[in-house]
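The values are calculated or read from the model by the stated rules, or taken from the named source; none is laboratory data. Being a predicted model, the structure only gives us computed values, none of them experimental. So basically every Cβ, Gly included, is an ideal-geometry build from the backbone, and we count neighbours across all protein chains shown. Note: areas computed on protein heavy atoms with side chains; ligands, DNA, RNA excluded. Shrake-Rupley method; radii C 1.70, N 1.55, O 1.52, S 1.80 Å.
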Amino acid sequence: SAAGTFTIPPRVAALSPDAKWLYLAGYFWSFKFLVDGFHGVVRVPVGAGPDAKPEIFAGTMSDRTPSSNPGRFSYASSVACDAQGRVYVADYMNDRVQIFSPEGAVLKTLATPKPAHVEVDPRSGEICVFSWTIRNDVLDQVAAKQSSGPNKFSIPATVTTYGPFDQPDKRAAQPLPLDNYTGQVGHYDFDGRGGHQYRVAMDFWANPPTLWVSPDGAAELRLFTLKDGQWTVKRDFKKDVVKSGVTTRLLPYRRWRLYANPANGNLLLAEGLPAD
C-alpha cells in the first residue's frame, strides 16, 4: 500500500471438531479511506508451533480477486465448523454461506443476505447467520450507485436461524440488538458505528441459548436470550461498569491502556485523552 505496510490479522477463528485444524477468516482492514479485505480462508495445523505457515483452504488471499464462482468469495467474513467437520464460510458480498468438506470441496450453498458472522449449533446443527454492515470496496461501489447521497444506503442488523446441513430451511429471523448501529454505508462513515468492531457469539450450551454481543465500546458487553421471539437482556455489563465508577464513554482513537503494578498486583487503566 502507498500508505505503508500493515499487519492484517484474522477476525474469526474456528476449530475443527477433531482439534486438528484452526480455520481463519475475516481479514479486513479499515484505515479511513483505505477500507477493504481478502477473499479467502486459511487454516493452520493445531500444535504445529509458532513458525507454522497457514495454508489456503479456499479462495484467495488477495484484495483484488473477488469472485462469485463456487469455492471463491467476495470477502470471506467469517468461518465456523459443525460437529461433522464441515466448514461454513460467510461469503459477504455474494450473499451466501458456502459449506465445504474438510478436504475443501463445496458441498452446499446457503443464500442469506450480507452474512457478517456465522455459527453452527454443535448439537442440533442449526446454522445462525448474523448480518450487519462491513465496509469494503465493493460495498462502497454498490452504495454509491444506489444512494442519493453519503450514508443513504444501509444494511439492517439481523440474526437468521436455518436448519442443519441436511435441510437448511429458514426457521426464524430477528433484529440483532447492536447499540448505536446505523447500518449506513459511505465514505463519511467514521463514527465507529458500523463494521469491524462488533462481535457476537452464541452460547449454545446455555439453557436457554445465550447471545453475547459486544458493540462499539469496551464497556458495552451484553447478554441476550430469546423470549417470545424477541431478544431480552439477560445481563448488561455496561450497567456493572457504571456502578463501579469507571467511564463508559468512547475515548478518541480508543486510547485505553492497561498497566499492572508488579509490586502489589493492582491493575491500572489509563485514559489517553487529548490535550484539550
Sort out which residues of the range 219-244 are open to solvent by less than 60 Å² (accessible area, probe 1.4 Å), at negative phi and not acidic (Asp, Glu), and write them in order of number.
Ala219, Leu221, Arg222, Leu223, Phe224, Thr225, Trp231, Thr232, Phe237, Val241
Of all residues in the range 79-113, which are closer than 21 Å to Arg171 by Cα and among the hydroxyl-bearing types (Ser, Thr, Tyr)?
Tyr88, Tyr92, Thr109, Thr112
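Mind checking which residues of the range 158-176 are hydrophobic (A, V, I, L, M, F, W, C) and touching a residue at least 24 places away in the same chain (Cβ under 8 Å)?
Initial filter on the range 158-176 (hydrophobic (A, V, I, L, M, F, W, C)): 159, 165, 172-173, 176.
Result: Val159, Phe165, Ala172, Leu176.
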Residues of the range 225-276 being closer than 30 Å to Asn207 by Cα, modelled with pLDDT of 90 or more and among the hydrophobic types (A, V, I, L, M, F, W, C), in sequence order, are Leu226, Trp231, Val233
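Every residue, every condition in (1) open to solvent by less than 30 Å² (accessible area, probe 1.4 Å); (2) charged (D, E, K, R); (3) in a strand (DSSP E or B), yes or no:
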site: Leu24; (1), (2), (3): yes, no, yes
site: Ala48; (1), (2), (3): no, no, no
site: Asp51; (1), (2), (3): no, yes, no
site: Gly59; (1), (2), (3): yes, no, yes
site: Thr65; (1), (2), (3): no, no, no
site: Asn69; (1), (2), (3): no, no, no
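If only one of Glu55, Glu119 is open to solvent by 10 Å² or more (accessible area, probe 1.4 Å), in contact with a strand residue (DSSP E or B) (Cβ under 9 Å, 6 or more places away or on another chain), under 20 Å from Gln174 (Cα atoms) and not small (Gly, Ala, Ser), which one is it? Show your work before the answer.
Numbers: Glu55 fails: under 20 Å from Gln174 (Cα atoms).
Glu119 is the lone residue from the list that is open to solvent by 10 Å² or more (accessible area, probe 1.4 Å), in contact with a strand residue (DSSP E or B) (Cβ under 9 Å, 6 or more places away or on another chain), under 20 Å from Gln174 (Cα atoms) and not small (Gly, Ala, Ser).
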May I ask you to verify whether Ala83 is in contact (Cβ under 8 Å) with a residue 12 or more places away in the chain and either surrounded by fewer than 21 Cβ atoms within 10 Å (Cβ to Cβ) or in contact with a Gly (Cβ under 8 Å, 6 or more places away or on another chain) (or both)?
yes
Those residues that are surrounded by fewer than 13 Cβ atoms within 10 Å (Cβ to Cβ) and at pLDDT 95 or above, I need them from the range 142-170; list them, please.
Asp166, Gln167, Asp169
